[in-house]
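Quick note: the coordinates plus some simple rules give every number you see, no bench work behind them. None of these values were measured; they are calculated from a predicted model. Note: ideal-geometry Cβ built from the backbone for every residue, glycine included; neighbour counts use all protein chains shown.
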Amino acid sequence: MKSESCHRGAMDGRPYSLPEGADTAALTAITAAMVGVILNLAVWFGLHVIFDEVRTIRSSALNIDAPVWSTLNLSAAALVLLAIVAVFRFKLGPVTLLAGCAVAGLALHFAEMT
């Protein structure tokens, strides 16, 4: 009887329904995995932008990227700090923040070239 109702639902254009609570558990697991991937990318990208050199420390179970503190890019670190202040203090939206950081980054890039 259960499979009959599932097939009937699929024919009506309704999605297949999971047992009570199973869909919530599956979505929670997928959400946790996606948050972990995005956080990992943010940390990796941040380290490689702020520091010119990053060394990988290898152990049997995991690899950790460790920054070489003498290669700190001060202009990139200042831009990151300004972006953090803009988001949390002044509540700037993502498009405004991205545009402002792009302009500031280009200005810093051209200032360092001359």
Problem - Where a residue in segment 37-50 is touching a residue at least 24 places away in the same chain (Cβ under 8 Å) and its partner, wherever it lies, is in a helix (DSSP H, G or I), with Cβ under 7 Å and at least six apart - result: V49/A76; I50/A76; I50/A77; I50/V80
Exercise for the section: Could you please give the count of residues in segment 26-77 that are closer than 18 Å to G105 by Cα and loosely packed, with under 10 Cβ neighbours inside 10 Å? Expected result: 1
